[in-house]
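Below is one structure, written out as structure tokens; comments come after it.
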Amino acid sequence: MSFYAYILRCSDGSYYVGHTDSVEHRIGQHDRGELGGYTHNRRPITLMWSQDFPSRLEALEAERQIKGWTRAKKEALIAGDWETIRGLERKSFDTGLRQAQPLLRTNGEKEDRTLSPPPVIVLVRPQLGENIGKAARAMLNFGLAEMRLVTPRDGWPNPSAGPAASGADIVLEQAQVFDSVAGAVADCAHVYATTVRKRGVTKPVVTPEEAGRAIHAASGRSAILFGPERSGLETDDVALARSIITVPINPEFGSLNLAQAVILVAYEWSKGMSLVSPPETELDPPAPQDHLEGMLAQLSGMLEQTGYFHLPDREPTVRRTLRTLLTKPGWSEQEVRTFRGILSALAGKRPRP
């Protein structure tokens, strides 16, 4: 089965980026207004670009990366103009191209890459649907999409999970339910149990960061177990794991909720992936020195008219302080007082005699 990332052009000229397992069906939904959100009031839409991927996670990752691109870079991708994309990357210092190139075809074929599969998140006897939804949201933020549930207390599916997931519906739709922890991890070669308590079992203990690195380096599937909200994993649950993940935490208050625990572990795993980051943008160049001198001269002239420089013997020092505070970041207390005095003078206080 293939999955697709795609770009639509909306009626207002803007672009929408998404992913799906059926381009034709999804485009029809957009065009008929069956999907709420961005495209609903921007119809008709036109499919401009799509590419297939072997897994939903890869299609989702491509979607996220392309969403962070500028309009010019999206249009270059639509045109298949990789030289322009590279040029835009150098100009904007955008990391998006470097992240997406392993996924996007540049010559008609995907680059060969060998990656360990993403870990499976296993929620053991979760109690509240809202917490399952929040955990799904945490997962998808960091590129994890496979959730397994072991005997959820209120059954599955749970109507409370969807709103709490805030759009991470794909995780909930694909979630699988198991009768036992052993069944949920049967196809996984590496199993981690998350706990902040000692459970009377001797296992290697690692931090989330160490576990993330180990999962990336390992061959075969990995699973990470999270226990019920109230009590956490039981000793028998932990006994099934190969290693224990423990978050360094305040010993006087070791209380993470389920979604917090999931997001900590998912984030550390994601550091080994090429997820999109906000692009860096160039700062405007500093003003030429003559422009700065003009501004200082203008301000000094205005201050002279208010009588601000009323002590002749202090005038050189005050002018020097004024120049210093306007040409450096991180003002000192004295500089703040000086500038506030300036503002008071310019606010129309009576000139000094």
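The values are calculated or read from the model by the stated rules, or taken from the named source; none is laboratory data. Remember, it's a predicted structure, so these values are computed and weren't measured experimentally. No Cβ is skipped: glycine too gets one built from the backbone with ideal geometry, and neighbour counts run over all protein chains shown.
From the list 150, 177, 201, which one is buried (at least 21 other Cβ atoms within 10 Å of the Cβ), more than 24 Å from residue 271 (Cβ to Cβ) and either touching a Ser or Thr at 6+ places or on another chain (Cβ under 9 Å) or at pLDDT 95 or above (or both)?
One residue alone meets the criteria, 150.
Testing residue 1 on (1) within 22 Å of residue 75 (Cα to Cα); (2) in a loop (DSSP other than H, G, I, E, B), one condition comes back false. Which one is that?
The number of the failed condition is (1).
Matching residues to (1) buried (at least 18 other Cβ atoms within 10 Å of the Cβ); (2) at pLDDT 90 or above; (3) among the basic types (Lys, Arg); (4) over 25 Å from residue 180 (Cβ atoms):
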position	(1), (2), (3), (4)
218	no, no, no, no
226	yes, yes, no, no
230	no, no, yes, no
234	no, yes, no, no
238	yes, yes, no, no
249	no, no, no, yes
253	no, no, no, yes
257	no, yes, no, no
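For region 1-32, what are the residues that are within 20 Å of residue 80 (Cβ to Cβ) and among the charged types (D, E, K, R)?
Correct list: 9 only.
Anything in region 301-316 that is surrounded by fewer than 11 Cβ atoms within 10 Å (Cβ to Cβ) and of a type in the set (Ser, Thr, Tyr)? List them, or say none.
The answer is none; no residue qualifies.
Is it the case that residue 277 is modelled with pLDDT under 85, hydroxyl-bearing (Ser, Thr, Tyr) and out of contact with any helix residue (DSSP H, G or I) (no Cβ under 9 Å at 6 or more places or on another chain)?
No: the conditions fail for residue 277.
What pairs come out if I take residues in region 222-233 that are touching a residue at least 40 places away in the same chain (Cβ under 8 Å) and pair them with residues that are part of a loop (DSSP other than H, G, I, E, B) and among the acidic types (Asp, Glu) whose C-beta lies under 9 Å away, six or more apart or interchain?
Listed pairs, sorted by first residue: 223/187; 227/234; 228/234.
Report, by residue number, each residue of region 42-76 that is among the hydroxyl-bearing types (Ser, Thr, Tyr) and either surrounded by fewer than 16 Cβ atoms within 10 Å (Cβ to Cβ) or out of contact with any strand residue (DSSP E or B) (no Cβ under 9 Å at 6 or more places or on another chain) (or both).
Passing the criteria: 46, 55, 70.
With respect to residue 77, determine if the residue is at pLDDT 90 or above, in a strand (DSSP E or B), more than 20 Å from the chain's Cα centre (by Cα) and not aromatic (Phe, Trp, Tyr).
no
Taking residue 282 as meeting all but one of (1) in contact with a helix residue (DSSP H, G or I) (Cβ under 8 Å, 6 or more places away or on another chain); (2) part of a loop (DSSP other than H, G, I, E, B); (3) more than 27 Å from residue 137 (Cβ to Cβ); (4) modelled with pLDDT of 80 or more, write down the number of the exception.
It fails just one condition, (4).
Can you pull out the residues in region 214-236 that are of a type in the set (Lys, Arg) and farther than 16 Å from residue 121 by Cα?
230 - this is the single residue of region 214-236 that is of a type in the set (Lys, Arg) and farther than 16 Å from residue 121 by Cα.
Residues of region 237-252 being closer than 23 Å to residue 126 by Cα and either part of a strand (DSSP E or B) or without any contact (Cβ under 8 Å) to a residue 24 or more places away in the chain (or both), which ones?
243, 244, 245
Would you please list the contacts, defined by Cβ atoms under 7 Å and residues six or more apart or on different chains, that run from a residue in region 23-50 that is over 18 Å from residue 167 (Cβ atoms) to a residue that is of a type in the set (Asp, Glu) and not in a strand (DSSP E or B)?
That search, which allows pairs on different chains as well, returns 42/12; 43/31; 44/31; 45/31.
Tell me, please, whether a residue that is under 17 Å from residue 343 (Cβ atoms) and aliphatic (A, V, I, L, M) can be found in region 301-313.
yes
Just to confirm my filter: which helices (runs of 4 or more DSSP H) fall fully inside region 146-231 and include at least 1 residues that are in contact with a helix residue (DSSP H, G or I) (Cβ under 8 Å, 6 or more places away or on another chain) and closer than 16 Å to residue 261 by Cα?
161-165, 208-217
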